2 protein chains.
Amino acid sequence: MPVQNVLYAQSGGVTATINASACGVIETARRNRERIGRVYAARNGILGALHEDLIDTSAETANTIRALLHTPGGAFGSCRYDLPALPQGRAHFERLTAVFRAHNIGYFFYNGGNGSAETAHQVATILPRLGWPVKSIAVPKTIDNDILRSDSSPGFGSAAKYVATSMHEAMTDLASMANSSTKVFVMEVMGRYTGWIAAACGLARPAGKDGPLLLLVPEIHFDRKRFLAAVKYRIERHGWCAIAVAEGVKLRDGRRLTQAGGDGIPGHEQLGGVAPIIAAMLRSALNVKVHWSVLDYVQRSARHLASATDVEQAYAVGKAAVEYALAGRSNVMPVIRRRSDKPYRWHIEPASLAAIMNREKRLPRSFLSADGWRLTARARSYFGPLIDGEAWPPFAGGLPVHAQLKLQSVPRKLKSAFRSAD
Amino acid sequence: MPVQNVLYAQSGGVTATINASACGVIETARRNRERIGRVYAARNGILGALHEDLIDTSAETANTIRALLHTPGGAFGSCRYDLPALPQGRAHFERLTAVFRAHNIGYFFYNGGNGSAETAHQVATILPRLGWPVKSIAVPKTIDNDILRSDSSPGFGSAAKYVATSMHEAMTDLASMANSSTKVFVMEVMGRYTGWIAAACGLARPAGKDGPLLLLVPEIHFDRKRFLAAVKYRIERHGWCAIAVAEGVKLRDGRRLTQAGGDGIPGHEQLGGVAPIIAAMLRSALNVKVHWSVLDYVQRSARHLASATDVEQAYAVGKAAVEYALAGRSNVMPVIRRRSDKPYRWHIEPASLAAIMNREKRLPRSFLSADGWRLTARARSYFGPLIDGEAWPPFAGGLPVHAQLKLQSVPRKLKSAFRSAD
């Protein structure tokens with residue numbers, strides 16, 4: 001077999017553990033030098049491939065590559081960019097073919113979510129037709145946990161552990177203030193279409209009916225009257241109420257609460273942030289003091305509190321991707337298959353990209369109680385192992401230490417720059 | 001010396017390490033059984049004392065008390081309540097005298113900030129005049145770091161470590177997305193009157209002029225035009241810009257940005273949250289994608305990422321308070337005196353409450369560069385040791401373990417309930 005190079009790239013919103021997958025790809029490739037030459041990384045995802053803007057990871061020491069295991073963000077740059085479909089996208093695929101040929105790229109690993117799976121699929125199916133055979137594998141990653149066919153998505157377990165811990169801790173604060181001050185705390189987490197992350201906050205309280213923690217997910221329509229009654233009841237019963245809300249929570253008419261405005265004040269919607277809308281609603285309806293938080297990027301970059309399970313799985317899918325490619329597979333994604341909850345047993349297996357790409361896995365209704373406010377036992381069995389174990393990064397001077405990469409550019413070989421109409 | 005009981009209480013906004021001070025008080029009292037009988041805790045601060053709502057900490061095991069070291073929130077309940085001054089407050093002080101006498105309280109420890117120091121001062125000076133001699137000591141605590149005479153305030157170091165780490169991590173996320181998506185991230189932290197916490201975020205970047213991280217504090221007036229130019233310049237230079245903003249940042253006319261609204265849309269101010277206002281301003285003025293986060297309670301309860309220095313000092317002020325009281329001192333606060341930055345050396349010494357109460361320590365102008373956007377070397381020398389060292393709590397099932405207290409009530413001895421006009 002001829003020695004060929006690897007091209008690895010990161011795509012979409014990043015996670016606390018996407019670089020652990022990069023580490024898995026690069027370390028596994030380095031262990032297969034008889035088949036793999038250099039590992040290049042595209043700068044800023046597929047855009048770097050189109051613009052022939054490549055990074056030579058050979059310039060990084062083994063220690064630096066290992067440090068990717070505890071470095072959040074996307075070390076090589078990510079992008080929000082979808083390749084146009086054929087026939088309009090022909091120039092894009094011809095360009096990719098030229099870049100791959102120029103740099104002898106035999107293996108392409110695209111680290112992303114549902115949308116990125118389509119890019120990997122396009123590369124796997126179109127480039128060979130244009131004369132450049134390549135093994136193209138999608139490496140799963142998303143805090144949203146919405147990848148079909150995978151029991152969970154690398155990146156989710158760490159986000160889930162972080163939000164559940166944050167809610168667990170913030171509830172101690174709220175409980176101590178509620179007697180004479182704040183009665184409600186609202187914490188907004190990511191989840192535009194699905195409630196996986198908001199649901200994970202439910203782990204912050206033990207099982208039990210009518211507890212002081214309410215979950216609001218996009219999969220269950222928001223009903224103002226029912227919600228206000230539930231909060232009021234909890235304040236009366238417990239003295240306080242905590243609420244975890246997904247950013248994409250929706251009204252019955254399909255509009256997001258952030259679009260509709262919870263309180264009818266024009267202009268609120270452009271601020272984004274459903275937590276302040278809910279806070280304003282509670283203040284005016286219940287006349288209570290409310291605190292609110294919007295975690296945003298902090299929740300998906302909190303590598304200091306990563307789940308050990310997640311770090312292990314993020315590495316494992318990167319490693320499996322290289323092994324699949326070397327075994328001749330293409331157009332697949334290594335996904336996580338759960339064998340048992342307790343003890344937690346899992347393995348990695350390949351899944352066809354056509355069955356995954358551009359689809360999304362919703363939170364099952366069976367994960368929430370009939371009233372929709374709390375987790376079921378089934379959900380706890382599912383989420384529990386995903387947040388288990390700590391994987392503290394090294395610290396220096398009080399702050400986590402991150403990998404310091406050289407990010408050395410690969411000299412360009414093509415004469416022309418890529419110019420696209422879009 | 002007669003054996004007398006201790007009354008300990010928590011006041012004001014809580015911190016990740018206020019319970020470490022409770023641990024210091026209780027463990028030290030337990031080591032002095034020849035002088036101290038029981039340690040009672042007032043439920044919900046001074047309100048519990050007024051209402052004779054006391055908790056007997058003797059019911060808690062040594063292990064449970066030790067677990068307070070890694071439990072955030074206020075384990076015995078806190079309050080936002082100031083005692084009325086004399087002569088209006090006479091009924092309050094007579095009531096406190098009756099409660100203290102009924103339960104033989106010889107030592108009072110009030111764990112709070114500047115306002116709570118006044119309560120401790122009132123107890124120290126008024127109760128003896130009403131016939132009940134008591135040693136009353138204020139135990140410092142506030143994430144705001146605004147206690148005069150103390151080099152830093154227990155609770156601040158952990159909040160500072162958490163916000164600096166969160167910004168450090170979120171910047172890796174932003175840097176990886178900026179090429180084709182989000183260019184600005186705004187993180188709002190607490191600090192209604194002072195910029196200590198926002199300034200601590202500056203630790204997330206190494207020293208250097210014109211770096212991509214800007215700090216906004218209440219001590220420096222917000223100038224929209226200057227700010228927009230600074231952000232624009234950073235986006236051009238670095239590709240992205242991160243902003244740490246204190247909730248209380250102000251315009252030149254003295255109004256908070258949250259009161260004025262940054263974009264003139266009526267109604268925004270009632271939502272609280274300066275981060276969404278700044279985000280809206282940047283979107284409309286610079287036409288860039290902006291993400292924003294409001295940490296709120298999460299930043300002051302993040303015990304999972306406490307500073308080891310802070311935990312040690314929080315314990316030390318609790319211990320010192322008991323030792324001072326046993327040595328006959330009253331009307332003082334054990335404060336932290338720094339002897340050197342590097343190596344970091346400090347000790348605890350008593351400071352008079354009259355010099356501390358109801359005053360606040362502002363962020364020195366010398367801590368920020370001339371342009372106001374970043375930390376000076378002097379600020380780094382100050383903040384560095386405060387965030388140093390990790391003090392991970394134990395975890396079980398993926399979440400931090402907190403102390404589970406019995407919170408056993410002390411039988412009431414007084415016939416009457418406390419009814420106050422206020």
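For label points placed 7 Å from Cα toward Cβ, what is the shortest-first list of nm distances from residue B:221 to its copies?
Ordered by distance, the counterparts are at 5.2 nm.
Choose one of A:109, A:140, A:186: the residue whose Cα lies farthest towards the positive end of the charge dipole of the range A:68-191 (beta-carbon charges +1 Lys, Arg; -1 Asp, Glu; about the Cα centre).
A:109
With only Lys, Arg, Asp and Glu charged, each at its Cβ (+1 for the first two, -1 for the last two), find how big the charge dipole of chain A is about the Cα centre; round to the nearest 20 debye.
560
Relative contact order of the range A:45-146, please, whole-number percent, based on alpha carbon pairs below 8 angstrom and at least 6 residues apart.
25
How compact and how long is the range A:292-400, expressed as Rg and Dmax of its alpha-carbon atoms in Å?
According to the Cα coordinates of the range A:292-400, Rg and Dmax are 17.3, 51 Å.
Hey, got the dipole for the protein assembly as shown? About the Cα centre, +1 on K and R Cβ, -1 on D and E Cβ, debye to the nearest 20?
120
Once the convex hull of the C-alpha atoms of the range B:225-378 is built, how many Å³ does it hold per residue, rounded to a whole number? Mind showing how you got there, number by number?
Working: hull volume 28.7 nm³, N = 154.
That works out to 186 Å³ per residue.
Given label points at 7 Å from Cα along Cα→Cβ, what nm distances, shortest first, separate residue A:232 from the same residue in every other copy?
The projected label point of residue A:232 is separated from its counterparts by 5.1 nm.
Charges on Cβ only, +1 for Lys and Arg, -1 for Asp and Glu, centred on the Cα centroid of the range A:17-81; of A:74, A:17, A:51, which one is farthest towards the dipole's positive end?
A:17
Would you kindly derive the ³J(HN,Hα) couplings of the range A:395-408 from the backbone phi angles with the Karplus curve 6.51 cos²θ - 1.76 cosθ + 1.60 (θ = phi - 60°), listing them in order in whole Hz, with x for Gly and Pro?
With the stated coefficients, the range A:395-408 comes to 10, 9, x, x, 10, x, 8, 10, 4, 10, 8, 6, 6, 6 Hz.
Using a cut-off of 26 Å between alpha-carbon atoms, which lysines can reach residue B:225, once sequence neighbours fewer than 8 places away in the same chain are excluded?
Here the lysines satisfying the reach criterion relative to residue B:225 are B:183, B:209, B:250, B:289.
With the Cα gyration tensor of the range A:106-153 giving a ≥ b ≥ c as the square roots of its eigenvalues, does the rule (a/c under 1.5 for rounded; else a/b larger than b/c for prolate; else oblate) give rounded, prolate or oblate? Please list the in-between numbers first.
On the way: a/c = 3.26, a/b = 2.70, b/c = 1.21.
It is prolate, given that a/c is not under 1.5 and a/b is the larger ratio.
For chain B, set up a Gaussian network in which alpha carbons nearer than 10 Å are linked by springs, and say which option among B:119, B:194, B:165 fluctuates the most.
B:165
Which value, in debye to the nearest 20, describes the size of the charge dipole of the range A:156-301 about its Cα centre when Lys and Arg Cβ atoms bear +1, Asp and Glu Cβ atoms bear -1, and nothing else is charged?
Working: 18 positive and 12 negative charges, 70 e Å.
Dipole size: approximately 340 debye.
Tally Lys/Arg at +1 and Asp/Glu at -1 over every other residue whose Cβ is under 10 Å from the Cβ of residue A:293; what's the total? Don't jump to the answer; show the numbers that get you there.
Numbers: positive: none; negative: A:188, A:296, B:188, B:296.
Here the charged neighbours net out to -4.
For residue A:87, place a label point 7 Å out from Cα along the Cα→Cβ vector, do the same in each other copy, and report the separations in nm, one decimal, smallest first.
9.8
May I ask you to list the residues of the range A:117-148 whose amide nitrogen lies under 15 Å from a point 7 Å from Cα along the Cα→beta-carbon direction of residue A:354?
Residues A:118, A:121-126 fall inside that zone.
For the range B:85-102, what does the Karplus curve 6.51 cos²θ - 1.76 cosθ + 1.60, with θ = phi - 60°, yield as ³J(HN,Hα) per residue in whole Hz, taken in order and with x for Gly and Pro?
6, 5, x, 4, x, 4, 4, 4, 6, 5, 5, 4, 4, 5, 5, 4, 5, 4
Pick out, from A:330, A:368, A:239, the residue whose Cα sits farthest towards the positive end of the charge dipole of chain A, with +1 on the Cβ of Lys and Arg and -1 on the Cβ of Asp and Glu.
Positive-end residue among those listed: A:330.
Residue by residue, what Karplus-based ³J(HN,Hα) values in Hz, rounded to whole numbers, does the range B:278-294 have, using 6.51, -1.76 and 1.60 with θ = phi - 60° and x for Gly and Pro?
Computed from phi, the couplings for the range B:278-294 are 5, 4, 5, 4, 5, 4, 6, 7, 10, 6, 10, 7, 10, 10, 9, 9, 10 Hz.
Do you know the relative contact order of the range A:156-301, to the nearest whole percent, from alpha carbon pairs under 8 angstrom that are 6+ apart?
Numbers: 273 pairs, mean separation 44.3, N = 146.
This gives 30 percent for the range A:156-301.
For chain A, what ratio Rg/Rh do Cα atoms give with a Kirkwood hydrodynamic radius?
Reported Rg/Rh (Cα atoms, Kirkwood Rh): 1.02.
Out of residues 5 or more away from residue B:45 or on other chains, whose amide H comes under 5 Å of its own, with H placed 1.01 Å from N in the peptide plane?
Amide H to amide H, under 5 Å and 5 or more residues apart or across chains, residue B:45 pairs with B:10.
Once you list every other residue whose beta carbon is under 13 Å from the beta carbon of residue A:27, what net charge do they have if Lys and Arg are +1 and Asp and Glu are -1?
Within the 13 Å Cβ shell, the charges total +3.
Between beta-carbons, use under 11 Å as the cut-off and find the net charge around residue A:69, counting Lys and Arg +1, Asp and Glu -1.
With Lys, Arg at +1 and Asp, Glu at -1, the net is 0.
Does a label point 7 Å from the Cα of residue B:380, set along Cα-to-beta-carbon, have any residues of the range B:197-215 with amide nitrogen under 16 Å, and which are they?
Correct set: B:199-215.
I want to check the label-to-label distance for residue B:252 and residue B:233. Put each point 7 Å from Cα in the C-beta direction and report it in nm to one decimal.
Computed distance between label sites residue B:252 and residue B:233 equals 1.8 nm.
When the distances between all Cα atoms of the range A:29-119 are binned every 5 Å from zero, what whole-number percent does each bin get?
3, 12, 20, 25, 20, 12, 6, 2, 0
For the rotation bringing B onto A, which B residue has its Cβ nearest the axis, and at how many Å?
Nearest to the symmetry axis by Cβ: B:294, 2.
Hey, what's the Cα Rg ratio for the range B:156-301 versus the globular rule of thumb, 2.2 N^0.38 Å?
This ratio for the range B:156-301 stands at 0.96.
Quick one: which residues, 5+ away or cross-chain, put their amide H under 5 Å from the amide H of residue A:307? H built at 1.01 Å from N.
Sorted by chain and number, the residues that satisfy this are A:158.
Calculate, in whole percent, how much of the Cα-Cα pair population of the range B:291-351 lies beyond 13 Å.
71
Between residue A:32 and residue B:3, what is the label-to-label distance in nm when each label sits 7 Å out along the Cα-to-Cβ direction?
Computed distance between label sites residue A:32 and residue B:3 equals 7.4 nm.
Among the listed pairs B:135/B:406; A:135/A:319; A:141/A:161; A:141/A:406, which have their C-alpha atoms separated by more than 21 angstrom in this model? Mind showing how you got there, number by number?
On the way: B:135/B:406 27 Å; A:135/A:319 15 Å; A:141/A:161 16 Å; A:141/A:406 24 Å.
Those over the limit are B:135/B:406; A:141/A:406.
Quick check on the protein assembly as shown: what are the equivalent-ellipsoid semi-axes from the Cα gyration tensor, as sqrt(5λ), descending, whole Å?
Largest first, the protein assembly as shown gives 51, 27, 25 Å.
No value in this document is a laboratory result; all are computed from the given coordinates. Source: prediction; values computed, not measured. Glycine also receives a Cβ, built like all others from the backbone with ideal geometry; neighbour counts cover every protein chain displayed.
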